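J.: After the C-alpha cells below, expect a handful of questions from me.
No value in this document is a laboratory result; all are computed from the given coordinates. This is a predicted model, so every value here is computed, not measured. Note: ideal-geometry Cβ built from the backbone for every residue, glycine included; neighbour counts use all protein chains shown.
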Amino acid sequence: MTRPEQGSVTPYAVMAVAVLTAVAMVAAAVAGVVVGQRRSAAAADLAALAGAAALQRGEAACPAAGDVASANGASMRACDPVGEEVGVEVEMEVRTLLGLTWTASDEARAGPVP
C-alpha cells in the first residue's frame, strides 16, 4: 500500500528554512546598523572629551578632537569650542550586511563639571 502524502513535508521544510534565513539576514543587517550608530556615538563622545581636555591644557580643542574622531574611524563635521566646553559633530560610513553603505552621524558636548 502506497501513501500519497509521502514526502509532502519537504516543500514546507524548504520554505521554512528560506523564511528563517531571510529573517536572520534582516536581523543581522539591522544589528550592523545599530552597531554603526553606537560606534559613531562613541567616537563623538571621545572626540568631545579630547577637545575639552585640550582646552583645559591651554591647547586648541578642534585638532585634538579631530585626531580622536579619526582614530575611531569617524570624520569630524563640526567643532564648536564655547568657553570651556566643546561640541563636536562626527559622521562615519557604515557598511551593512548587504553591501550598502549608510552614514551614521552623532554629536556630543563635553566640558568641566560645574
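J.: Give me the percent relative contact order of the chain, please, defined on Cα pairs under 8 angstrom at least 6 residues apart.
T.: 26 percent
J.: Cα-based Rg of the chain per 2.2 N^0.38 Å, rounded to two decimals?
T.: Rounded to two decimals, the normalised Rg is 1.81.
J.: Then there's this: Using alpha carbons only, how many degrees (0 to 90, rounded to 10) separate the axis of helix 9-56 from the longest principal axis of the chain?
T.: Computed tilt is about 0 degrees.
J.: Relative to the first principal axis of the alpha-carbon coordinates of the chain, what is the inclination of helix 61-71, with its axis defined by its Cα atoms, in degrees from 0 to 90 and to the nearest 10?
T.: Helix 61-71 sits roughly 30 degrees off the main axis of the chain.
J.: Out of the GluC sites (Glu not before Pro) in region 32-113, which ones are loop residues according to DSSP with at most 12 other C-beta atoms within 10 Å?
T.: E59
J.: A follow-up question, please. Calculated from DSSP H runs of 4 or more alone, at -39500 (n - 2.57) each and per residue, what is the 222 nm mean residue ellipticity of the chain, nearest 500?
T.: The helix-only estimate for the chain comes to -18500 deg cm²/dmol at 222 nm.
J.: Once R0 is set to 35 Å, what does the formula 1/(1 + (r/R0)^6) return for the Cβ-Cβ distance between R57 and V34, expressed as a FRET efficiency to the nearest 0.05?
T.: 0.50
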